[in-house]
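Heads up: the structure comes next, in structure tokens.
The values are calculated or read from the model by the stated rules, or taken from the named source; none is laboratory data. Note that the structure is predicted; figures quoted are calculated from it, not measured. Note that each Cβ is placed from the backbone with ideal geometry, even for glycine, and that neighbours are counted across all protein chains shown.
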Amino acid sequence: MQLQKFIQSFNAAVEGFIYVLRTERNMRTHFLAAMFFILLGIYLCFSYIEILILTITITLVLVVEMINTAVELTIDMIRPELHPIARVIKDVSAGAVLLASINAIIVGYALFSRRIPFDIGPEMVNIRQSPWHITFIAIILVFGLSIIGKLIFHKGTPLRGGMPSGHAAVAFAIWTVIAFMTTKSIVIILSFVMAFLIARHRVKDAVHTVWEVVAGAILGVLVTTLIFQIFR
């Protein structure tokens with residue numbers, strides 16, 4: 001029961017994030033920029049401390065943008081008519097977003113200015129020699145694309161239902177990673193069985209249709225394969 005409540009609460013939190021992402025253009029801009037700079041940081045082989053600073057800064061911008069949206073919705077619900085104080089509250093909330101964005105620009109400049117311009121050759125070699133980097137990039141892209149698919153088709157929730165199946169996409173992405181990183185047939189077969197069972201479970205529980213699961217599996221395999229073809 002507690003696990004079910006935790007899953008429901010987590011799903012509600014993700015739905016709130018998706019709502020802001022779907023309805024607010026600024027949030028979509030921040031989110032796409034966040035994904036780009038995180039992947040660029042990985043590509044430039046940032047240290048763990050640099051990645052930590054970058055993610056905290058990006059998270060701050062996204063959180064403040066979400067709070068700004070919540071404040072605006074609350075004000076519109078309480079005082080639908082235009083009121084001077086309501087306008088001031090909205091302006092203050094927007095100002096918080098502005099400050100967080102300026103801080104992100106300063107931090108981004110401090111982190112990236114030492115690496116740009118950069119020689120593409122050594123960076124590609126570093127990523128190719130790091131399975132962790134490639135795996136992280138593949139999983140992030142697969143998960144992000146599965147969420148975008150749900151936004152496009154307007155069906156299901158971020159963690160349950162919809163097109164494509166995120167569970168199947170991530171499961172088969174992990175299987176593809178394992179298939180590229182090992183030559184042991186038994187490991188590849190067993191990991192495929194696990195991915196298949198996860199996908200089958202989503203259909204059996206009527207969370208997804210067969211086609212949604214198949215679409216997720218194809219998405220996971222194709223995106224991960226593309227990442228490995230590019231970086232290996």
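Some observations on this one:
- Members of the stretch 131-165 found to be farther than 18 Å from Ala217 by Cβ, in a helix (DSSP H, G or I) and modelled with pLDDT under 70, listed by number: Pro131, Trp132, His133, Leu151
- Scanning the stretch 182-222 for residues that are among the polar types (S, T, N, Q), free of Cβ contacts under 8 Å to residues at least 12 places away in the same chain and assigned to a helix (DSSP H, G or I) yields one hit, Ser185.
- Criterion (at pLDDT 80 or above and within 30 Å of Ile227 (Cβ to Cβ)) met by exactly one of Tyr48, Tyr43: Tyr48
- Residues (exposed (fewer than 15 other Cβ atoms within 10 Å of the Cβ) and closer than 15 Å to Gly108 by Cβ) located in the stretch 6-32: Thr29, Leu32
- Of note, Ile42 satisfies the criterion of being among the aliphatic types (A, V, I, L, M), under 20 Å from the mean Cα position of the chain (by Cα) and under 26 Å from Ile106 (Cα atoms).
- Of the residues making up the stretch 70-82, one or more are within 23 Å of Ile147 (Cα to Cα), at pLDDT 85 or above and within 24 Å of the chain's Cα centre (by Cα).
- Residue within the stretch 46-64 that is exposed (fewer than 11 other Cβ atoms within 10 Å of the Cβ), free of Cβ contacts under 8 Å to residues at least 40 places away in the same chain and not β-branched (Val, Ile, Thr) present: yes
- Residue that is modelled with pLDDT of 85 or more, under 22 Å from the mean Cα position of the chain (by Cα) and not assigned by TED's automatic domain parsing to the domain that holds Ala179, where the choices are Val92, Val97: Val97
- Scanning the stretch 191-203 for residues that are at pLDDT 80 or above and within 29 Å of Cys45 (Cβ to Cβ) turns up at least one hit.
- Selection status of Leu226, closer than 16 Å to Ile147 by Cβ and within 22 Å of the chain's Cα centre (by Cα): no
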